[in-house]
Amino acid sequence: GLALMGRALVQGTWGLQGGQAQGGDRLARNTAEAMQSGVRQAAAGLIERTLRETARRLGCNPRLLLTGGDADSIAAQLEMAYELRPDLVLEGLLVLTRREA
């Protein structure tokens, strides 16, 4: 997740300290905000690039579903269509239980 990416950045960079970011803007006003913004943008960029490549290879436009604890934070950085599905895992479990009933 994003927290792990941020900790890896702090631990792997000499002299860099983490901190609490105050804003969620793309343009940071301090080091802590820049680190958190960079982590969110890196995740969003990976998602967008992967989706574009998938669309190119498959010749279709796959639907992007976001789930998990960081979904809201990443969604704010995306420049493409997405659907937030915070309970996707539970929805899947429900489908499985209905199949077995």
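For the structure I just gave you, tell me whether T50 is farther than 20 Å from A3 by Cβ and among the polar types (S, T, N, Q). In short, yes.
Residues checked against (1) at pLDDT below 95; (2) assigned to a helix (DSSP H, G or I); (3) surrounded by fewer than 16 Cβ atoms within 10 Å (Cβ to Cβ):
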position: R7; (1), (2), (3): yes, yes, yes
position: M35; (1), (2), (3): yes, yes, no
position: R56; (1), (2), (3): no, yes, yes
position: G68; (1), (2), (3): yes, no, yes
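Considering only residues that are of a type in the set (D, E, K, R) and out of contact with any strand residue (DSSP E or B) (no Cβ under 7 Å at 6 or more places or on another chain), which ones fall in segment 73-85? If the condition is that a residue be of a type in the set (D, E, K, R) and out of contact with any strand residue (DSSP E or B) (no Cβ under 7 Å at 6 or more places or on another chain), then E79 is the only one that fits.
With respect to the conditions (1) open to solvent by 40 Å² or more (accessible area, probe 1.4 Å); (2) at pLDDT 80 or above, D25 lacks only one, and its number is (2). In segment 52-76, the residues that are within 18 Å of L88 (Cβ to Cβ) reach residues that are surrounded by 12 or more Cβ atoms within 10 Å (Cβ to Cβ) and polar (S, T, N, Q) with C-beta atoms within less than 6 angstrom, at least six apart or across chains, in these pairs: P62/T54.
Looking at Q77, is it assigned to a helix (DSSP H, G or I) and either within 17 Å of the chain's Cα centre (by Cα) or at pLDDT 95 or above (or both)? Show your work before the answer.
Values: assigned to a helix (DSSP H, G or I): no; either within 17 Å of the chain's Cα centre (by Cα) or at pLDDT 95 or above (or both): yes.
Spelling it out, it is not the case that Q77 is assigned to a helix (DSSP H, G or I) and either within 17 Å of the chain's Cα centre (by Cα) or at pLDDT 95 or above (or both).
Can you work out which of the residues in segment 70-101 that are polar (S, T, N, Q) and closer than 17 Å to L46 by Cβ is least open to solvent (accessible area, probe 1.4 Å)?
We begin by selecting, within segment 70-101, every residue polar (S, T, N, Q); these are 73, 77, 97.
Among the residues that remain, those that are also closer than 17 Å to L46 by Cβ are: 73, 77.
Working: S73: 42, Q77: 11 Å².
Applying the filter and picking the extreme gives Q77.
The values are calculated or read from the model by the stated rules, or taken from the named source; none is laboratory data. As the structure is a prediction and not an experimental result, all values here were calculated from the model. Glycine also receives a Cβ, built like all others from the backbone with ideal geometry; neighbour counts cover every protein chain displayed. Ligands, DNA and RNA are excluded from the accessible area calculation, which covers all protein heavy atoms including side chains. Shrake-Rupley method; radii C 1.70, N 1.55, O 1.52, S 1.80 Å.
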